[in-house]
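Working notes for the structure below.
Throughout, read-outs are computed from the coordinates displayed, never taken from laboratory work. The structure displayed is predicted, hence computed values, not measured ones. Glycine gets a Cβ as well: all are built from the backbone with ideal geometry, and neighbour counts include every protein chain shown.
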Number of protein chains: 2
Amino acid sequence: MMLSYTEENYLKALFKICSQCEGKPEAGTNEMAAYLGVKPATATDMFKKLKEKGLVDYERYGKISLTEIGKNNALIILRKHRLWETFLYQKLDFSWDEVHEVAEQLEHIQSEKLVSKLEDFLGYPEFDPHGDPIPKANGDMPPTVKMILSDLKIGESCRVVAVKDTSVVFLQYLKRLGISIGTKITVIEKVSFDGSLQVSIDDQEARNVSVKFADSLFVAK
Amino acid sequence: MMLSYTEENYLKALFKICSQCEGKPEAGTNEMAAYLGVKPATATDMFKKLKEKGLVDYERYGKISLTEIGKNNALIILRKHRLWETFLYQKLDFSWDEVHEVAEQLEHIQSEKLVSKLEDFLGYPEFDPHGDPIPKANGDMPPTVKMILSDLKIGESCRVVAVKDTSVVFLQYLKRLGISIGTKITVIEKVSFDGSLQVSIDDQEARNVSVKFADSLFVAK
DNA sequence: TAATTAAGTTAGATTAATCTAACAAATAAA
DNA sequence: TTTATTTGTTAGATTAATCTAACTTAATTA
C-alpha cells in the first residue's frame, strides 16, 4: 500500500509518542496535532483516513494507537530516517544537530533497494549518530533498556549512549559542552534545592546541569 | 523562492525539451503535457503560475520558454539529479538503468549543504553515469559538443561517452550488448537499405544496430 | 451532581494539482 | 480563402491536506 508523505509523518509521530510513554501506547488528538504542527481538526480527519487503511485503531472521541501494520510501516520509516542520519554524519560530515532536518526529507524516498544498499554501504550500523537503534529490514529493533543521567547516584560515572531529546537547541548545547556518544560523565553532587546536578564531563572541572538536561541524556554505566 | 515538487518537475521538463532542439528553446503545451504525463489543461494552468513567479516566458496560445531565473533553477535540479545518479552508481552499486528512477525522487530534497557535501564526497565528478555533464553549484555546465554514432564514417572507431536516450529499455539493451561509458565501437558497414550499421563492439564479431540505436549513442573519436 | 473547562469533532472554506468537456485560436489543407 | 485539423484555453469538478468557527463530548472541580 502506498502512503503519502503526510500519512507517513502521522504514523511516525504516533510511533514516537507511543514509544515514549510506557504504559500508554496511544495518543490524543491535541497531542498529535501539537506534535505535527497542525490543528486538531486536521488530525481528526487524518485519523479517519488512517483507520480506513487499517493503520490505526481509533474511535470517535477516543485515543489513537497503531495497529500491527501501522507499527510496521512506522518502523520502516524510522529505519530509513536513522540510516540516512548515519549516512549524513559518517559519510558527509554533517554535525550531530544538522542530520535530523535533512533525514526528515530523505526518509520519504521510496525505494527498498536504496535502503538496503545504503545499509550495506554503511556496514550494517546498529545505532544512528544519536545512539538510537536502527530497525532491521523486517522491522526488528533491539529493545533499548535505557538509563538516564538522572538515574545515577552521587559518585557514579557513566558513558553517554544516546540522546532522548533530538532538538537542535539541545544538540547544539551538547556540542558546546563537548558531549557526544561515548563521553564520560561523573555525578559529583545532587543539589536538593532544584534537583540539578554537579557533574564532571570527561574528568574536567565540575559544572552544573539542570534536571531537564539530566533527563534528556541516555547513559550506560 | 520555494518551489513545489511539481513546479520543479515542470522546469526540468522544459529545460530538457528546450536543450534538445537547438534552434527552438521553447516548448508547446501538448508537448510538455505529454512529457510530464498530464493533460494539456493542467499544463496551461501551471504555465500561468510559473509565469507569475517569473520562471518562464509565456503568452496565451504561445510557446513557453525558461527565463534566466527559471533556467538557473532547472540547472540546480539537474545538478542534484546527476550527483545523486553518480552516488547511486558509484557508491551504492546501482546499475546504469536503475539510477534514474530513484534520482527523480532524490533531486527534490532541499538542502544546499547536502548537495555540496555530496559533491565533495564523490570527488567533484564532471559527468554522471550516463556521461552527461554535472552542472556546478553556480549553474555552470560545460557545453557538450556531442557526436552521435551515426556521424561516424565506415571504418572509423570511437568510444561511447554518453547516452542520448535514458529510457530503461535502451539502457538494458546496452547492458545486454556489453556497452557502457568508454566502450569502443567500430563502424564496419552502413546498410543503405535501412540505414542500419554493422558495428564491432570492443573488437568482437560484427553485429547490426538500427538507425534509432546509432542516433541514441553519444561518442568521441 | 451541576457547572466549568478541556478535548475532540463537524461543517464549510481554501489551496495545489489534477481531471473532463466544451470552446477558441492558430495552422494546414483543399 | 474557406474549411478542417491541430493546438491550446476556460470552466467546473475532484482529491488531499489544511484552516477557522461553531458545536459536542468527556473530564474536572467546586
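A few remarks follow.
- Among the residues of the stretch A:17-33, those identified as part of a helix (DSSP H, G or I) and exposed (fewer than 14 other Cβ atoms within 10 Å of the Cβ) are A:Gln20, A:Asn30.
- Any hit, the stretch A:44-64, residues being within 22 Å of A:Asp132 (Cα to Cα) and more than 13 Å from DNA strand C (Cβ to nearest atom): no
- Set B:Glu85, B:Glu8: member being within 10 Å of DNA strand C (Cβ to nearest atom), within 14 Å of chain A (Cβ to nearest Cβ) and outside any loop (DSSP other than H, G, I, E, B): B:Glu8
- Residues within the stretch A:8-65 that are over 28 Å from A:Thr144 (Cβ atoms) and of a type in the set (Val, Ile, Thr), tallied: 4
- Test: residue in the stretch B:102-111 that is under 21 Å from B:Thr6 (Cα atoms) and in contact with a Ser or Thr (Cβ under 8 Å, 6 or more places away or on another chain): yes
- Within the stretch A:95-109, the residues that satisfy the criterion of being touching a helix residue (DSSP H, G or I) at 6+ places or on another chain (Cβ under 6 Å) and of a type in the set (D, E, K, R) are A:Asp97, A:Glu107.
- Among (1) under 22 Å from A:Lys71 (Cα atoms); (2) free of Cβ contacts under 8 Å to residues at least 24 places away in the same chain; (3) not aliphatic (A, V, I, L, M) - the single one A:Lys117 does not satisfy: (1)
- Selection within the stretch A:128-151 - closer than 17 Å to A:Ser19 by Cα, surrounded by 14 or more Cβ atoms within 10 Å (Cβ to Cβ) and in contact with a strand residue (DSSP E or B) (Cβ under 8 Å, 6 or more places away or on another chain): A:His130, A:Gly131, A:Asp132, A:Pro133, A:Ile134, A:Met141, A:Lys146, A:Met147, A:Ile148
- Residue that is surrounded by 16 or more Cβ atoms within 10 Å (Cβ to Cβ) and within 19 Å of the chain's Cα centre (by Cα), where the choices are A:Leu118, A:Leu217: A:Leu217
- Qualifying residues in the stretch B:88-98 (those that are more than 10 Å from every other protein chain (Cβ to nearest Cβ) and assigned to a helix (DSSP H, G or I)) - the one farthest from B:Leu14 (Cα to Cα): B:Gln90
- Among the residues of the stretch A:99-120, the ones that are out of contact with any Asp or Glu (no Cβ under 8 Å at 6 or more places or on another chain), within 7 Å of another protein chain (Cβ to nearest Cβ) and over 19 Å from A:Leu171 (Cβ atoms) come to 4 in all.
- Among the residues listed as A:Ile69, A:Ile76, A:Ile17, the single one being more than 17 Å from the chain's Cα centre (by Cα) and away from DNA strand D (no atom under 13 Å from the Cβ): A:Ile69
- Unique residue being among the hydrophobic types (A, V, I, L, M, F, W, C), surrounded by 19 or more Cβ atoms within 10 Å (Cβ to Cβ), within 14 Å of DNA strand D (Cβ to nearest atom) and more than 19 Å from the chain's Cα centre (by Cα) when the list is B:Val56, B:Val38: B:Val56
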